[in-house]
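Okay, structure first, notes after.
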Amino acid sequence: MSHAMLWENLKEELTRCQLCAHGCLLKKNDKGRCGVRINKNGTLVSLVANVVTSVQLDPVEKKPLYHFLPGSKIFSVGSAGCNFSCSFCQNFSISQIPPSGRIPGKIVAPSQLVDMAETHSVRSMAFTYNEPTVFFELVHETAALAKNAGIRSVIVSNGYMSQECLQTLGRRLSAANVDLKSFREDFYKKYCNARLQPVLDNLKALKTAGVWLEVTTLLIPGINDGDAELRDLAAFIHNELGPETPWHLSAFHGAYKMAEHPATPLSRLEDAWRIGRAAGLSFVYIGNVRTLLGGNTFCPHCGELVIERSGYAVRLKGKAGICPSCGITLPGIWQ
Ligand code: SF4
């Protein structure tokens, strides 16, 4: 337990958390919606500033990031809690704090995480598995130490941080994969207890800040996979983030409160892929399922195959990120 960053005292012992777009108002002993920030006698305290639930080496493609150091391993760190409560969460055992308030995980110092990452000789580190916004203090300090050690930092996020959070963290980040879970306000309200607009604003802010950005949409059959919604979503990426922004379409498999919901048919993922390409997006990918369509990276200029993928196996067709045919450099971080 340690003093939190990004909050304000309003009056007497009333505080407002400024870390995410919920902006929770917290009276003495209240916890925020994320379950991991608490008002202790008028001071906001983080319960996860030094807590991790998972530390492992992953293929960077698993985040998913397809235009960021392809084929490399990324040192991946998760903590506990989330500012969303998605009914379909695949990591609910660490994202949703139980009514008992028990926080899972182990105590660790940021310097220990960077030491571990250096031991594995990685070039990047991801804050992932649960929402990195809610363990901001750990991310903030670890990312600074990692940067000094020449290790890039990445977040895998729902994009619901506050502007202050983004401004404070942005300079320490090299890349982000952000979920755009739907393009409908009622989806965010019903399934996530959140709002769409802050996510859209933050996607644009990350782009403006020069953070390499990839977007993921989990397609849940009958819920967020209608043609009109996918066209709207793809148009937003194209018009507001740029046609070079990779869009990952991910297959849903039943989980948490939607364990019985059917999985996404491959044909629906392929339809969505075509919608993304028709919208003018240069890089649309399909994940969480085996398919010949939507795994590889092609040169947007001449159409040549640049990166071939099968599952997490990656084969570069020449120098990373450079088209072997016409020689252009594709958008991304390659070295
Ligand atoms: S991080 Fe978000 S959900 Fe958690 S206390 Fe702060 S404003 Fe509330």
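No value in this document is a laboratory result; all are computed from the given coordinates. Computed from a prediction, not measured in an experiment: that's the story for all the values here. As a convention, Cβ positions derive from the backbone with ideal geometry for all residues, glycine included, and neighbour counts pool all protein chains shown.
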Starting from the Cα of Lys204, move 7 Å in the Cα-to-Cβ direction to define the label point; list residues of the stretch 214-244 whose amide nitrogen is under 11 Å from there. 240-241
Taking R0 as 25 Å, what FRET efficiency do you get between Arg290 and Thr119 from their Cβ-Cβ distance, rounded to the nearest 0.05? 0.15
State, in angstrom, two size descriptors of the stretch 51-295 derived from its alpha carbons: Rg to one decimal place and Dmax to the nearest whole number. 17.3, 49
Distance-filtered residues of the stretch 203-226 - backbone nitrogen under 15 Å, label point 7 angstrom along Ala255 Cα→Cβ: 216-221
Give, in nm to one decimal, the length gained when the segment between Lys11 and Asp186 is fully stretched (0.36 nm per residue of separation minus the Cα-Cα distance). 59.6 nm
Contact order normalised by length for the stretch 2-45, with contacts defined as Cα pairs under 8 Å and 6 or more residues apart; what percent is it? 35
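In percent, how large is the relative contact order of the chain, given Cα pairs closer than 8 Å and 6 or more residues apart?
13
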Whole-Hz ³J(HN,Hα) for each residue in the stretch 201-217, computed from phi via Karplus 6.51 cos²θ - 1.76 cosθ + 1.60 with θ = phi - 60°, x for glycine and proline: what do you get? 4, 6, 4, 5, 5, 5, 4, 4, 6, x, 7, 5, 10, 10, 10, 10, 10
Return Ser2, Ser54, Ser121 ranked ascending by Cβ neighbour count within 10 Å, so the fewest neighbours appear first. Ser121, Ser2, Ser54
The stretch 234-297 - Rg over Rh from alpha carbon coordinates, Kirkwood radius: 1.03
Considering only DSSP beta bridges where both residues belong to the chain, give the percentage that are antiparallel (nearest 5). 55
